[in-house]
Structure formats: C-alpha cells, structure tokens
1. Any residue at all in segment C:153-168 that's of a type in the set (S, T, N, Q) and in contact with a Cys (Cβ under 9 Å, 6 or more places away or on another chain)?
2. Considering only segment B:62-79, state which residues are away from chain C (no Cβ under 14 Å) and open to solvent by 20 Å² or more (accessible area, probe 1.4 Å).
3. All but one of (1) within 11 Å of another protein chain (Cβ to nearest Cβ); (2) within 18 Å of the chain's Cα centre (by Cα) hold for B:A94; which doesn't?
4. Restrict the check to segment B:292-304 and report whether at least one residue is in contact with a strand residue (DSSP E or B) (Cβ under 7 Å, 6 or more places away or on another chain) and open to solvent by 30 Å² or more (accessible area, probe 1.4 Å).
5. Looking at the structure I just gave you, is B:F121 among the aromatic types (F, W, Y), surrounded by fewer than 24 Cβ atoms within 10 Å (Cβ to Cβ) and under 16 Å from B:W253 (Cβ atoms)?
6. Residues in segment C:208-223: is at least one of a type in the set (A, V, I, L, M, F, W, C) and either under 25 Å from C:A97 (Cβ atoms) or part of a loop (DSSP other than H, G, I, E, B) (or both)?
7. Could you tell me whether D:F53 is hydrophobic (A, V, I, L, M, F, W, C), at negative phi and surrounded by 17 or more Cβ atoms within 10 Å (Cβ to Cβ)?
8. Scan (1) away from chain A (no Cβ under 13 Å); (2) open to solvent by less than 10 Å² (accessible area, probe 1.4 Å) for the single condition C:F209 breaks and write down its number.
Amino acid sequence: MGVLKNVVNSVVGIAKGHKVTLKEMLRPTVTVMYPQERLDLPVGSRGIPVLLSDEQGNLLCTSCGVCERECPVQVIHIVSHRGEDKRKVLDEFDIDMSRCMFCGICAEVCAFGAIAMSDQYELDDFEQGDLIYHKDQLAAIGRTQRTPITNYGIKTEVGVLDQVRAGRASAAQTAAAPATSTPSSEGSRSE
Amino acid sequence: MLVDWVASLYQSVQATFVAHGWPLWVLAVLTAVLKVAGVLVWILLNVLFLIWLERKISGHVQNRPGPVYTGRFGLLQTLADALKVLLKEDVIPAGADRWVFVLAPLVAFVPSVMIWVVIPFSRGVQAQDLNIGILYVAALASFTVPSLLMAGWSSDNKWSLMGALRSAAQLISYEVPLILAELGVVVLAGSLRLSDIIAAQQRSVWFLFLQPVGFVVYFIAALAESNRTPFDLPEAESELVAGFNTEYSGFRWSIFFLTEYANLLGMASLAATLFLGGWSGPFLPPFVWFVIKTYFFVFLAMWIRWTLPRIRVDQLMDLGWKFLLPVALVNLVVTGVFVVL
Amino acid sequence: MALDTHSERRTETLEIPGSDLPRTEEMMVNMGPQHPSTHGVLRAVLTLDGERIVDVDSDVGYLHRCFEKICEQQNYPQIIPYTDRTDYLAGMTNELALVLTVEKAIGLEVPRRAQYIRTIMAELQRIHSHLIWFGTFALDMGATTPFLYSFRERETISDFFEEITGARMMYNYMRYGGVRNDITSEWVKKVQAFLKRFPENLQEYDDLFTGNPIVHARTQGIGKISAEQAIAYGASGPVLRATGVPYDIRRADPYLVYDELQFDIATASEGDVWARYQVRMQEMRQSVRMLEQLLAGVPEGEIMGKAPRIIKVPAGHYYGHVDSPRGEVGCYLVSTGERTPYRLHWRSPCFVHLQLLPLMAKGHLMADMVAIIGSIDIVMGEVDR
Amino acid sequence: MNTTLLAFFIVAFISLVAAWRVITDPSILHAGLWMGLSFVGVAGIFLLLEAEFLAGVQVLVYVGAITTIILFGIMLSDVGEVRVGPEPPGWVQAGAAWHRGLRHAFPLLVAAGFAGTMLGLYTQSGWGQLRERPLELAGLSVGGIGRELFSTFALPFEIASLVLLAALLGAIVLAMREEER
C-alpha cells in the first residue's frame, strides 16, 4: 500500500507543477522588448552624472573640487584657474564613465547642486577614450533636464546621449578633414 | 489522392522501364534514393520546426515571448542558428581520439534517421513495411549508447567521460522497460509490423486504452531514451557542464543537437503509432492525424521538460530497475494472460 | 592521447587490505572556476570515486578585489558603496552592517522614520535575495522555469528599490545617521499591493518545486550537518537555523526596530538541503509578515539624524553585525580616530559556510554537490571580497 | 553476379576486416568499437539470409548490450592501449622481432585455424535435415521461432536461461561484496 500511496503522491506533486506551467504558458508575457520598448525610469534612478546649468546656460559648478575629493573611485578630474575677478574658472571637468560606479556621491556632496544623476545609461562605445566625458558633453546632457531634481537625479531628453556621441564623432571627422567642416552637426555640443 | 497518384506514377515509370528494356534495379535504386531523400527532408523540416517550437514553448512557459526577430514569430530562428553553427570553427581537442571523435555524431545521427524507414505516415505511405518493425526501431535505438560512449571517451574530458558513462547506464536500463512496454502492444496486435499494429487498433480501440500502464512506462522510458529532462543526465549542464558533448562545437555539435530532436520526433511518432492508432482517425486526412498525434506527444515532452527538475543518477536507476521494469513485466504478463484467455 | 591525462588522474589508490577486489582509482575533477553551477568563480577540487565524492577542496579567491584594504584608504562615506559590492545580492544589509557599526562607535541617534525605512529595506532585500536563491537553486537542480518566475517577482522589488534609492542592485542608500532618500506614500501603497499578491506567487513556487517528488528525492538527507557541527564551524543564518538552532540576530541582538515586530524565526531540524530550502521559503513568508507591520506604521519625521559633516570614529575596536539573507554579516572596525578606518574586517557568512562544503558533500554524488552549493546560497563576491 | 551476392561480399568483407582489427588494433577501445562493427556486419549477413528477426536481435543484443558493456568496462578500467611495458623481460625482448613479424600473421593463423575447424564441423553436422522446415527457422515468422524455442529447443533454451540466471546471481554476489566493505 505504501508504494501505491507514494506513486499517487508523486503523480499529484508532478501534476501540480504542470498545472502551474500550463497556466503561465497561457498568460501574456512580461518581457519588455528592450531596444524598442523602454521602462519608464523613476526620477533619481542613477545613470551617468551630468553637469547642470542655470537659465542662462552657465554652468553651476564653481570648481570647488569637493566631488573630485569625495569620489570613491576617483574618476572625476577637474582643472580650473583663477579668473580676473579672483573667481575660479572651470577649464576641464572630465568623468571617466568606464570606471564610474554611479554611486551618486558627487551629486550628494555638491553644495551648489551643480551635479545630478541623469537617466542616461547606454554608454556603449568603440573607443575606451570616448568613455571619458568632458565638460561640454556633460553640460550638454545636463541642459536637457526635464524634471526638477529628485533624489539627486533628473530626467533628460530621450536620446541626448546619442546626440552627444554623434557630435563627438562629427567633431572628430571635422578635425580630420577641416576643409569640409559642417558645424550644424555639432548642434548639440555647442548649445 | 496523393498516394494513389504516386503509385500510378510509379507504375507508369515502371512500364516505361519495361518497355525500353532498361534494367529494373536502376529504378529500385532511384526509388530508394527518393525515399531516403523524402525521409531526410521530413526530418530536417520537422527538426527545424521542433527547435523553434521548443523555444516558443519554453518562452511562454517562462513568461517570455521566445524568438521574435527572425521572420514572423521568429520562425526562421533555427535557420539563423543553423547558419551560425555551420560557420563556427570546428574544434577538435588536441587530446581527442580523432577518428572516434569525428565518427561519434554520425553513429548517433544515422540510426535516428533510419528509424523513419518503418514509421507509417499515412495509409501505405511508409518507406519500408518491415515485418520486424518494432524490433528494428529498438535495434536502431541501441546504437545511441555506443555513439555517446564514443563521443564521451574520445573528447578526452572528464566531464564528457562521466556523461558518457551516465548515458550508457541510463540507456541500457531504460531500453528494457521500453521494449517490454512495446511488447505489450505487440502481444495485443499479434505482430511486430507497424501497419498491422495500426490495423489492429482500427479493429478494436486505441491501445492507449487497453495498455494504459504500458503507455506510461513507454513514455517515461522513451523520455529517458531521448535524454530529455528530467532524464537529461548525460548532458546535465548544471552538473557535467555539457556531458558528452562538452568538447563538441560547430557542425559536429549541431549533429548531436539534430539527433536529439530527431529522436524526440521518432519517439513521439512511434508513441502515436503504437498507442494512438497512428494515422487512423475520422474526418481529417490520415497524414494530418499522424502529425497531430505526433505533435501531441512532442508537446507533452516539452511541457515536462520545462516543468520538472532533473533526477539524480542513482534515483534514475532505481526508477528504471525497481519500478518501471517490474511494472512493465507485470503488464506484459497480464496482457499475455488476457490475450490467451 | 587519452592515456596521458589518465596518468594525471591517478591520485591515490584505494588499498583494501585482505581483499582480492579489483583496484579502484579515484578521479580528480576541477569543478569550476568555469562551471555552470558554481555561482560565479568557485573552484571546487573534487576527488571522485565514480560519481561519489570522496573529498572536496574549495579554492576561493578568484574574485578577490581587496575590499578590506581599499577601505583603509577611503573615508567613511566612501566605504558605503563598496559594501554593496561584497554581497551584491543583498546590498542593503551589507550597508546596514557598516552603518550600524559606525553609528554605534560615534553614538549617533537615528530618527525613528529612518529606522523604519531601514528595516523595510532590509526585509525587502531579504525577499529579493531569497528569490534569486530560489531561482538559482532550482536551476542547479535542472529546473529552468522557476528561475524566470522568481526573477519576475524580484524585478518588482528591484523597481521599488530603484524608485527610492536610485539603483537596482548597488544602492548606496544607507547614511551614517539615516538614509539617503525618503519614501513616499505612493511607494508604500505599491509595496503593500505587491505584498498582497506575493504569497500567491510563493504558493506557485511551492506547487512547482516544493511538492515535486523529484525535488524531495534530491534534497532530503543530502548535505546533512548537525547543530553541533554548524555551531562549531560558525554557521549562521538559514544554514544554522536549518539545523534546528533558532539563532537570529534580529532576535538575539535586536537592531533597528526588529524588537517591536512580530515574527517567527524560521527553523527546521534536519540540517539537510531540504531543511535549508524550507527555512528560506519560510523566511520569505515571515518577511512579508514583518513588512506588512512595518509599512502600516511608518512614523513621520526626519530621515537623517544630526550626523557630523566629517565622520571620525573615536579610536578603538568596534564590532557590529546584522542578519543578512545569507547569515551573520559582521563588520569589525579598528579606528585610530582618523577619517579612514585603520582596519576593517568583513565577516561574510558565505565564506564561513563554504568551509562546511566538505562536511556536507563527502559521500554524496556529483549531482548532490550542485544541490548543496545551491543550498548554502553562496555569493562569490562575498566569499572573496 | 547478382546483387545479393555482391552485398554479401561487401558485408562479409566489412565484418572480417573489423574482426581482424579487433585483434590487431593497439587501442583496446578501438578494438571494442571494431567489434561492434563486426557485429553489425554479422547482422547484415542475417539480413541477407532474410532472417530479419535474427538481424534485429543481433544488433539489439550484441551492439546495444554486449559492445556497450565492453566499452563501459574499458572506460572504467583505465586501459588506454595495450603495449609492451617499460621493461619487458629478456625473453620478450629476444622475441620482439618475432613478435613484430607475427603480430599480424599470428591472429590470421588463429583465425584460419578456427575457420577451418568450424567449416569442418559445419560440413559434418546434420544441418541438411533442418532444410525441411526452412520457413520457421529462417525467422520469417517470429511466432515460428517462438514455437520452436518452446517445443523442439525447450531444453537448450531453458539451460541457456539457467546459465544467464547463474551469471546474474554471480553479478549480484560480486556487487554485494563490494558494498559490504
């Protein structure tokens, strides 16, 4: 009798599992077809850190360097000099996105709200060097801000990262062949 | 219709041969080649579809859509994969036993094609109606073991060797209940010939109803014979990396893959023939019935695969020898007594 | 030829005194670091007699990233994102271990709202982590489908985390004195809705996996350890509780608001793979229970206490521990009063549990090895740090 | 020459070559595989004799079971190649040249002797009387074989099964001893 009970229990156990899989088979799928469809990221979701500007388009950064100091992986590189009015002028602000771990500490420690975590995250590129984002690129992305800062993050225009990268590519082209310069393609960079 | 047309065509060609005095063996060779080609095309088309079906079923079971990009509903996915696999580098490990390594996929693949010689697709549509039909299938199935042993041994990889040993143990253990379950049907039909078995079912009822126990034993053993989850121990990827085909790549690997699905299809169509009356059925054309019944078993096997975890090797042996074998024996004896009375 | 590798394979011969049985040889197999079921880069050197395991030697260090040494160069806020990356499947509890230790060391008051939020996050993290464990465990056993189901629910929790913390895995959410971002009432409602339907999903897993006779056969009596052995080896968390020891830091040394919560410590007595499985499934249910209580009573108030701008821990030795999904995560901090720790030792439960592997696996089959590794729920990032 | 005869020569050639390689192949695993091929060839001969049932059984039993078990045993026993040990005794070294010369000739001699003996036995045997009932014995009817086995050849059949039973028991006893230690 024990064997028979065992067999019945096994069959019931296995049948239960098959019921679940059959039910799930008939249910609509949950997949998001990523490149075509994108999930709506909440504001504050941490993509790459970008530089913010005021209404006139001037960078909010005062080159105080606290983000550079506090960055746990030391990927921020700032070069500045004293201007005529003794105020610091930002020359370079590079972030090495290949090593950045998107922790958001730079945005958090900035006393001027000059850095925010954008929602851009598709960083694929062909050259390692292109993953170092410069001041103008970071600022260009930051200028497309669509939402107020929430949780140290903002939303930016869709596809702005691609535009910035395309601008970089065309800039490289114009540098290689200066005779055929087409400044219009650099639009997103030189806003 | 189609069958009659083919028969009349054959007769007219034969008449032409006789009229011109051409040797008849040329005709025999020609028809044989055509039959083989037909079977091969049938298997390849079906395997292409089966792999797609498996992916779709697994996808939907897991709340995923499965392949979608290649063609409508991703139907061309298998073709794309086949192309990719064919273009891959053919790696033969330095320590491999070269000839055995190369031969193993062939030894596995050829019998899985040869099984189709005796499968009746429709009334009279059968490459060769052998009088030992079932025995022929069983004999061919026994080639799988040496081929896997060859693959596992020649790869010169410990995982492969373990996979090969597992597969040998598994296939030998499950061949016995498989054949015993088939014998139950044979006893009922009184013939090993597959067309006779279908005829016997047309006379009475589907043997599924007369041989429910035999059917269950057959189905479990056939799953084990075709290395499908929960009995996919020879290639258990979470334990043995990929078992006997760890070292195989590119074309040779794809032959093993092809074999696996050809075996699944063969198993399903044999189950349809033995237990569900083969091509016989009302309203629809016989061939359609055959396909429907075959794919019913294919679906069942896939459903099981995407639901159950893998069984362990010793439990597999226990199940085979301590449960399936006695059950199949008792079933056979009871059937025999029943038939004699 | 095959022969050459055979001579390598020859390790030691089994001499059976007074027997004319044929001589059998053992085979040494490298399971990992590249193996489908070693959860990353564990290398287990198996000595096999057929498929039976004679000896296991686990070799770790393939994922070593000098976490402890790096921490000696970083100031305290900078360490927090690194702790996420030790046990990358339970970042919240790892951050908690560090933050609680430092807060204890400098005597920081944490507002009640922040404490509630921390507890909510820790328990969500427990479900989050156990769901991955469930999926990969099923995957190890050869069942592919439960993995996808559990990830479906895990994605929902990841979405919750992302909305509040900004990240799905590497949260960097805890702060000395509080938490980084506040939760919203809509978020609370969403989580509550999820908690309502989650038990149904758990039931689905049960039907699919728990009630399956193959699972029973493959887990019961496998990888058995006794309570004494577990304690002797320093096991904690589900591995310890599965041997029948009801030790849970949330009860034994309550932190955050655990002492105000009603929950049962999930235990099982057998100490085998099945018991560990049951304990974890039970813990998910208990977490749901705790979360319901927590979400109903989140107090209003600040989320950050009065933390100094520059954190300096007074000189001394400090130890803090929390109950992570995997066991006791301990943070041992030696400070000389600087802005950086002098030494930071991370007690990771997976590293401890991995030492139990030979004890559990000896005498079982190859296939059980996979189940055992799955059942102790190792994260190699935490083992190697 | 008719096609059946041609097919017979092909199949016979394959099985003979395979049988020869079983003895001469230095790799014991290859020898096992050659043996499998030889069995398949024999099955082909059965097929040509229109004994399909026997052919099927031949493949099933000899290829599916015997060859597999031999291969299984070879794989488990770590014997890669049969070759002369590192320091062969003196008489082996002296006879090495002979050995090399005989290596291919000796098996052939043995095979020829065996074949002669068997041929002699076959011609001596009273197989002629079996021709009276060719249909059943040629295996055209499975039922016929069954009937013969349980009537004319009942005693040999039972004795054979007894031998198999003894072997089975022996295997169990050996396995039990293994377990006890």
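The values are calculated or read from the model by the stated rules, or taken from the named source; none is laboratory data. If you're wondering where the values come from, they're calculated on a predicted model, not measured in any experiment. Quick reminder, even Gly has a Cβ in these numbers, built from the backbone with ideal geometry, and neighbours come from all protein chains shown. For the accessible areas, the whole protein counts, side chains as well, though only heavy atoms, and no ligand, DNA or RNA atoms are used. Shrake-Rupley method; radii C 1.70, N 1.55, O 1.52, S 1.80 Å.
1. Within segment C:153-168 (the criterion being of a type in the set (S, T, N, Q) and in contact with a Cys (Cβ under 9 Å, 6 or more places away or on another chain)), the answer is no, since none of the residues qualifies.
2. If the condition is that a residue be away from chain C (no Cβ under 14 Å) and open to solvent by 20 Å² or more (accessible area, probe 1.4 Å), then B:V68, B:Y69, B:T70, B:G71, B:R72, B:F73, B:L75, B:L76, B:Q77, B:L79 are the ones that fit.
3. Going through the list (1) within 11 Å of another protein chain (Cβ to nearest Cβ); (2) within 18 Å of the chain's Cα centre (by Cα), B:A94 breaks only (2).
4. Among the residues of segment B:292-304, not one is in contact with a strand residue (DSSP E or B) (Cβ under 7 Å, 6 or more places away or on another chain) and open to solvent by 30 Å² or more (accessible area, probe 1.4 Å), which makes the answer no.
5. Considered against the rule, which asks whether it is among the aromatic types (F, W, Y), surrounded by fewer than 24 Cβ atoms within 10 Å (Cβ to Cβ) and under 16 Å from B:W253 (Cβ atoms), B:F121 comes out as no.
6. So far as segment C:208-223 goes, yes, one or more of its residues are of a type in the set (A, V, I, L, M, F, W, C) and either under 25 Å from C:A97 (Cβ atoms) or part of a loop (DSSP other than H, G, I, E, B) (or both).
7. Yes: the conditions hold for D:F53.
8. Evaluating C:F209 over (1) away from chain A (no Cβ under 13 Å); (2) open to solvent by less than 10 Å² (accessible area, probe 1.4 Å) leaves (1) as the failure.
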